[in-house]
């Protein structure tokens, strides 16, 4: 599932699934453990790469082409800075939904740092 976000009067599909997070980690050198701290001390590069990869994955799942690069994302934000908040809100909603809800089998996910009993 993806959401449409309007940036500078254009519609962009945005999705933050495992693929977009994988691409973000690859682009920024972050690890999976870093993702839960992402909102703390986020750099402009981090924000632009997060948006770029959310749009790329949204385009992939919606069947649209995406030719944007990191510089073009920064240019879009120059024209519509509020779009940064819009996309980060989608990230927050989708990321928290993926990692805090019950899994498909109905099992409640263990709290962070909990160990499984044998």
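Read the figures in this text as sums done on the coordinates, not as results from a lab. What you see is a predicted model; the values in this text were computed from it and never measured. Every residue, glycine as well, gets a Cβ built from its backbone with ideal geometry; the counts of neighbours run over all protein chains shown.
Brief remarks follow.
- Ranked for footprinting exposure by Cβ neighbours inside 10 Å, fewest first, 43, 20 give 43, 20.
- Extension gain from residue 89 to residue 22, taking 0.36 nm per residue of separation minus the Cα-Cα distance: 22.2 nm
- Take every pair of alpha-carbon atoms less than 8 Å apart whose residues are at least six positions apart; their mean separation over the length of segment 3-100 yields a relative contact order of 39 percent.
- Full-stretch length increase - residue 64, residue 4 - with 0.36 nm per residue and alpha-carbon distance subtracted: 20.4 nm
- Whole-angstrom gap from segment 61-80 to segment 1-47, using each part's C-alpha centre: 12
- Extension reserve of the residue 44-residue 97 stretch, reckoned as 0.36 nm per residue once the Cα distance is removed: 16.6 nm
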